[in-house]
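Comments concern the structure below.
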Amino acid sequence: MRQRHMTFLILLLASVLQTTAQTLNDRYNRQRPVVIVIDNSNISSFDDKGLPPGCYETLIKAVTDESNLPCRIFMKGKDEARQDFERGEADILITDPRNYQNPNCVVSKNAIVYIPTGNGSTAEARPIGKDRQLIESLDDTFARLKESGYISMIKDRWIHPERAIPEPKPVPLYIAIILFVLAAILLVLTLLLMLHNRLTRRNAKVLREMILQEPHLEQFYNVEDNQAAHDLIHKYNAILCNPFVAISFYDHNGQFIIENDAMRQLGEVDTTPYRQPLYNAEGEVTNYFVAIRRPTTT
């Protein structure tokens with residue numbers, strides 16, 4: 001029986017805690033953020049700890065962000081800040097808590113701002129609110145960030161930026177960018193290879209149509225004494241040797257380079273309608289050629 005009651009109490013406590021946690025997020029959201037007002041009446045350009053006022057906003061924002069609570073932060077004079085808090089226009093007031101020791105207010109355990117009192121001593125300005133759950137949640141988050149060293153790192157950014165530990169780089173983002181660049185490079189190389197293969201197949205198909213089935217070793221072509229002609233002879237020697245196909249080559253501007261003996265024997269023939277382009281790997285026309293099948297004689 002006792003064990004059953006104990007189990008019931010544990011389940012009840014877990015349910016209450018879960019409901020409480022959900023209630024905090026339900027109360028404060030982007031449409032209704034936590035409103036925080038800082039009493040800056042005793043804060044000059046720097047307080048006695050050497051911290052500028054902007055540091056406090058950064059600290060508070062870090063705590064609320066870690067708690068997943070949207071917030072709006074204002075710095076006002078003492079009277080205006082107190083009026084906003086007492087009218088309910090601010091959820092949290094950060095000031096000297098000595099005037100708020102009453103059951104209606106909850107004072108944070110953590111001092112975020114240290115302000116000089118004018119007599120050589122220092123007063124701790126703490127967050128004060130009427131929502132106990134909100135203050136306790138921020139206290140827990142502040143303690144966790146302080147223990148991890150993140151609070152000190154924020155202060156170092158303001159006081160000693162040269163000693164501040166840089167924030168960790170977004171490694172996953174860099175990895176994603178590198179993978180994207182590598183994928184893009186691989187895609188470009190694949191497309192270039194496909195284009196090269198397609199052009200090679202096209203040229204090979206055209207050239208195969210120029211070659212007869214039986215090989216002929218005799219050379220019957222007319223050699224022009226220039227480098228372009230020698231290059232073509234070296235590349236298409238078997239084709240130029242064929243006595244049954246009249247063949248001639250032209251450069252990319254249409255200027256004559258070389259012809260075989262079969263073409264020369266045809267005499268003055270207008271070959272312009274028969275010219276076909278040859279392409280390189282970049283898809284550019286490198287040469288034109290003409291191939292005319294000669295009738296076989298018996």
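The values are calculated or read from the model by the stated rules, or taken from the named source; none is laboratory data. Owing to the predicted nature of the structure, the values given are computational and were not obtained by experimental measurement. Methodologically, a virtual Cβ is constructed for each residue, glycine included, from the backbone with ideal geometry; neighbour enumeration extends over all protein chains shown. Surface accessibility is based on the protein's heavy atoms, side chains included, excluding ligands, DNA and RNA. Shrake-Rupley method; radii C 1.70, N 1.55, O 1.52, S 1.80 Å.
So here's what we get for this one:
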{"item": "Candidate set: region 215-237, residues that are charged (D, E, K, R) and over 17 Å from M263 (Cα atoms); chosen: the one modelled with the lowest pLDDT", "result": "D225"}
{"item": "Candidate set: region 83-103, residues that are in contact (Cβ under 8 Å) with a residue 40 or more places away in the chain, open to solvent by less than 90 Å² (accessible area, probe 1.4 Å) and of a type outside the set (G, A, S); chosen: the one farthest from D39 (Cα to Cα)", "result": "D91"}
{"item": "Filter pass, N102 being in a loop (DSSP other than H, G, I, E, B), modelled with pLDDT of 55 or more and of a type outside the set (A, V, I, L, M, F, W, C)", "result": "yes"}
{"item": "Given (1) touching a Lys or Arg at 6+ places or on another chain (Cβ under 8 Å); (2) at pLDDT below 85, number of the condition Y250 does not satisfy", "result": "(2)"}
{"item": "Qualifying residue in region 193-203 (condition: modelled with pLDDT under 90, more than 22 Å from P277 (Cβ to Cβ) and open to solvent by less than 100 Å² (accessible area, probe 1.4 Å))", "result": "no"}
{"item": "Those residues of region 105-118 which are modelled with pLDDT under 85 and hydrophobic (A, V, I, L, M, F, W, C), in sequence order", "result": "A111, I112, V113, I115"}
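Okay, residues lined up against (1) crowded, with 19+ Cβ neighbours inside 10 Å; (2) among the aromatic types (F, W, Y); (3) modelled with pLDDT of 85 or more:
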{"residue": "S121", "(1), (2), (3)": "no, no, no"}
{"residue": "R126", "(1), (2), (3)": "yes, no, no"}
{"residue": "S137", "(1), (2), (3)": "yes, no, yes"}
{"residue": "F142", "(1), (2), (3)": "yes, yes, yes"}
{"residue": "E147", "(1), (2), (3)": "no, no, yes"}
{"residue": "Y150", "(1), (2), (3)": "no, yes, no"}
{"residue": "M153", "(1), (2), (3)": "no, no, no"}
